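Asks: Take this structure first; my questions come after.
The values are calculated or read from the model by the stated rules, or taken from the named source; none is laboratory data. For clarity, every value in this text was computed on a predicted model and none was experimentally measured. Here the Cβ is made from the backbone with ideal geometry for all residues, glycine too, and neighbour counts use every protein chain on show. Just so you know, the surface numbers come from the protein's heavy atoms only, side chains and all, with ligands and any DNA or RNA stripped out. Shrake-Rupley method; radii C 1.70, N 1.55, O 1.52, S 1.80 Å.
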Amino acid sequence: MIDTGYVVTMARYNAWQNRQVMPVLDAMPQADLCRDRGAFFGSLLATANHLLWGDMLWMSRFDPRLAAPETGIPESVALHPTAAAWGAERFRLDGRILLWAQGLRAIDLKGEISWYSGALQRDMKVPLTQAVVHMFNHQTHHRGQIHAMLTAAGYRAPVSDLFAMPEEA
């Protein structure tokens, strides 16, 4: 389904996208950042927090050295109260995701992964590659919501095309 090159590319893409969003969110007044914009999680900050929470959860499943968030989906929107706090943790996690991706070998992507899904209230077991693809798809999905909210609010949304990612990103 996927290989280690895909995982590294998507980890780089994730970090690049987040580095573009951070200064935009950080420069916004708190009221704009927290305004309910009709998205699934409401505001820009809530959506960014949920996305960070989801990445923390998936990475704790992929790399047992990383801790899982202590809260569930409903509380994921309040992970950090400000863009600065969110950005600091986002930067750290993006580094961990990239290091994990760069350390993968082809054999590491074989097999299945099991966990209990609080959202679905049942045990899950899927091919590891499917779970990795899901993490990156979840990122892209919610960053798309952030992009739409920024644009609708009159802010400049970042370039999001994968092929536009600089080599050094």
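Asks: Name the residue from I107, G87, I97 whose Cα lies farthest towards the positive end of the charge dipole of the range 54-118, charges +1 on Cβ of Lys and Arg and -1 on Cβ of Asp and Glu.
Replies: Positive-most Cα among the choices belongs to I107.
Asks: Please work out the average accessible area per residue across the range 22-109, using the 1.4 Å probe convention, and give it in Å².
Replies: Normalised by residue count, the accessible surface of the range 22-109 is 49 Å².
Asks: If you don't mind, there's one more thing I want to ask. Sort largest first and round to whole Å: the equivalent ellipsoid semi-axes of the range 12-95, each the square root of five times a Cα gyration tensor eigenvalue.
Replies: Equivalent ellipsoid of the range 12-95: 21, 16, 10 Å, largest first.
Asks: Using 0.36 nm per residue of separation minus the Cα-Cα distance, give me the extension gain between M165 and Q130 in nm, one decimal.
Replies: 10.2 nm
Asks: At a 1.4 Å probe radius, which order do Y116, Y6, Y13 fall into by accessible area, largest first?
Replies: Y116, Y6, Y13
Asks: Please tell me the relative contact order of the range 1-105 in percent, rounded to the nearest whole number, where contacts are Cα pairs under 8 Å and at least six residues apart.
Replies: It comes to 36 percent, rounded to a whole number.
Asks: Right, something else. How high is the FRET efficiency from I113 to R35, r the C-beta distance, R0 45 Å, rounded to 0.05?
Replies: Given R0 = 45 Å and the Cβ-Cβ separation, E is 0.75.
Asks: Restricting things to alpha carbons, find the Rg to Rh ratio for the chain using the Kirkwood radius for Rh.
Replies: That ratio is 0.96, to two decimals.
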